[in-house]
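Written out below as structure tokens is the structure these notes cover.
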Amino acid sequence: MSIFLGEHHLFTKYQPYTIYALGGNDTVRGTVLSNTIYGGSGDDYLNGYSSLTLYPKPWGWPDQPRGDTLYGESGNDTLIGNESSDSLYGGTGNDKLFGYEGGDFLSGGEGDDLYTVTTSDNARYSDAGPDHIDEQLGGGNDTIKFTDLDRSEISLNVDIDNSDTDLWLSSSEDLEDGQNDSGVIIEDFFVIKDGSYAFNNDNVIENVATADNYTVDLTDIDLDAINAAYEASQASAATIA
Ligand SMILES: [Ca+2]
Ligand SMILES: [Ca+2]
Ligand SMILES: [Ca+2]
Ligand SMILES: [Ca+2]
């Protein structure tokens, strides 16, 4: 089944749409509005769609694209966001998630998922920001693919001063000011147990693929080095206090 709603709702009021594609392998394209699309079972191709893909912008269309919420549900799904901040949920199966521009919330769920990220996209519009990735219990063997960062450009950062458990991935240039403006934040990549950082096995992303075709194994991160820095940070904080 294919569902294309894009241009047909040009003169309707700006009501958001919710679409249930149900079973089968479906191709669904949303409207310029904020859509919620459920793929149901089967291998689905869900495209949130937006106004900025048409030029010139027709009269009466929103100035800014609206974020979409896409649920692949079961099956091996492909989820396509738009220029705004989208929420993509792969569900079960091996899913491919493309947030594109904006700070997106990406959750592949169970299965071996592929997150494709272009950091220059994330920095492009006013609602820019890093993508947040959330992987769940039994989340599979997951990969973040950076289309525009070589291995030598990628920097990993943990905010140990604040005992933060997220892992930031961005370019070294982006992280120079201590902020992740264009990369990816893997939520709860770590846990803090008995005062030390440890891997949070339920939420981990295992691999980072770089633009120059290297694979970085995130399960090889040097916890000892993080914990040495963490202890020093806690000691200096205690001294200041
Ligand atoms: Ca599906
Ligand atoms: Ca799925
Ligand atoms: Ca987006
Ligand atoms: Ca997964």
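What follows is calculated from the coordinates using simple rules that are stated; it is not laboratory data. Keep in mind that what you see is a predicted model, and the values were worked out from it rather than measured. Backbone-built Cβ (ideal geometry, glycine too); neighbour counts: all protein chains shown.
The length gained by stretching the chain between Ser172 and Val191 to full extension, at 0.36 nm per residue less their Cα-Cα distance, is 4.4 nm. Sparse packing (at most 16 other Cβ atoms within 10 Å of the Cβ) combined with a DSSP loop state is found for the following trypsin sites (Lys or Arg not before Pro) in the range 108-174: Arg124. Specify the inter-centroid distance of the range 153-176 and the range 92-136, based on alpha-carbon positions, in whole Å. Centre-to-centre (Cα) distance: 17 Å. By DSSP, the beta bridges lying fully in the range 143-241 are antiparallel in about 80 percent of cases. The Stokes-Einstein estimate for the range 100-241, based on a Kirkwood radius over Cα pairs and taken at 10 °C with 1.306 mPa s viscosity, is a diffusion coefficient of 102 µm²/s.
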